Amino acid sequence: MGAHIIDGKAFAATVREKVAGHVSRMVEEHGIKPGLAVVLVGEDPASQVYVRNKGKQTAESGMASFEHKLPADTDEATLLAIVEKLNADPAVHGILVQLPLPAHLNSDLIINTIAPEKDVDGFHVVNVGRLGAGLKAMIPCTPLGSLMMLKDFHGDLSGMNAVIVGRSNIVGKPMAQLLLGANATPTIAHSRTKDLPDVVRQADIVVAAVGRPEMVLGDWIKPGATVIDVGINRVPAPEKGEGKHKIVGDVHFESAEKVAGAITPVPGGVGPMTIACLLANTVTAAARSAGLPEPEGLTA
Ligand code: NDP
């Protein structure tokens, strides 16, 4: 029997429904309309698609959406001034600067200029530190979405061995913090890890965030383990026609699905949850800024 397929698309729809419910209550009961500002510099095609989807879903959930599209040669002072203006704008509760930024801009400086309480990507050092210290933080969307799916499927993660392949600041490291916070026992593997397949075989939960198409194979997976595939890789798909491409994960789905107990597909797994969690973080930020209770079901 194959693994249970964790349907991230369907789960993301339920998160968006919760978001919309919280938004309408905040508007009706408190006169607060949560607002998300997205700043895009340059014309990277993938970033343009992300920003369009984010804007659309923000508006659909009843929130205010503010888009700032700037030319690729925007200088640092101009971008910093826009971020400062958004920091001071009471209609804006969440600010996202789409990465990657053009090479002449200092991403760290710009991200760390966002007011931490409006940093809905959770990349500001204050939020990184607060998450590490087990304090209330803005949590990066991709690991947050992955944790929500794991908790939804397993309930309690206490005592489970988790192996995260990849140690990026965006996915791997915050994922480990979240799993630790959920009482799992996380191990972070990376390109220098020895005997990676053997390390992965110890895991009750595998999170693959490597950026290498279909690297994690079925025989690396402990029978019955839960596999969260964060990878998004565009690869040639000659079977679909000349010059065609398809999206695959970091896990070899066909072999892993035969061994795992549960697995997220790509596409349709972690990806939709990431945007849903961005909306969730914006509502959380708006509630916190107004001193309201934490919106239920939207955070770790
Ligand atoms: P990074 O490139 O920042 O990090 C990749 C990590 O994988 C690094 O820690 C690297 O190790 C490790 N790695 C690379 N090669 C190997 C290897 N052969 N064996 C073991 N470890 C290896 O990637 P991100 O974390 O930003 O993204 C990871 C994947 O997730 C990508 O496919 C990306 O597209 C996807 N992604 C998906 C999102 C979504 O919404 N679903 C959001 C963000 C990312 P080292 O540190 O030693 O170099």
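The values are calculated or read from the model by the stated rules, or taken from the named source; none is laboratory data. The structure displayed is predicted, hence computed values, not measured ones. Cβ: placed from backbone, ideal geometry, glycine included. Neighbour counts: every protein chain shown.
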#### Entry: Matching residues in segment 262-277 - criterion: being more than 10 Å from the ligand (Cβ to nearest atom) and either touching a Gly at 6+ places or on another chain (Cβ under 7 Å) or farther than 20 Å from PRO223 by Cα (or both)
GLY268, ALA276
### Message
For segment 221-247, give me the residue count where each residue is touching a residue at least 24 places away in the same chain (Cβ under 8 Å), farther than 21 Å from LEU144 by Cα and within 16 Å of the ligand (Cβ to nearest atom).
### Response
1
### Task
Out of ALA77, ALA103, report the one residue that is of a type outside the set (Ser, Thr, Tyr), assigned to a loop (DSSP other than H, G, I, E, B) and loosely packed, with under 13 Cβ neighbours inside 10 Å.
ALA103
### Query
Within the set of pairs 6 or more residues apart or between chains, which connect a residue that is among the aromatic types (Phe, Trp, Tyr) inside segment 151-171 to a residue that is within 16 Å of the ligand (Cβ to nearest atom) and part of a loop (DSSP other than H, G, I, E, B) with Cβ atoms less than 9 Å apart?
PHE153/ILE6
### Query
Out of the residues in segment 248-261 that are within 16 Å of the ligand (Cβ to nearest atom) and of a type in the set (A, V, I, L, M), which is farthest from LEU217 (Cα to Cα)?
VAL248
### Query
If you check every pair at least six apart or on different chains, which have Cβ atoms under 8 Å apart with a residue in segment 188-207 that is assigned by TED's automatic domain parsing to the domain that holds LYS222 first and a residue that is assigned to a helix (DSSP H, G or I) and near the ligand (Cβ under 8 Å from one of its atoms) second?
ILE188/GLY172; ALA189/LEU196; HIS190/GLY172; VAL207/GLY172
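Among the residues of segment 222-231, is any in contact with a His (Cβ under 9 Å, 6 or more places away or on another chain), among the hydrophobic types (A, V, I, L, M, F, W, C) and surrounded by 19 or more Cβ atoms within 10 Å (Cβ to Cβ)?
Among the residues of segment 222-231, not one is in contact with a His (Cβ under 9 Å, 6 or more places away or on another chain), among the hydrophobic types (A, V, I, L, M, F, W, C) and surrounded by 19 or more Cβ atoms within 10 Å (Cβ to Cβ), which makes the answer no.
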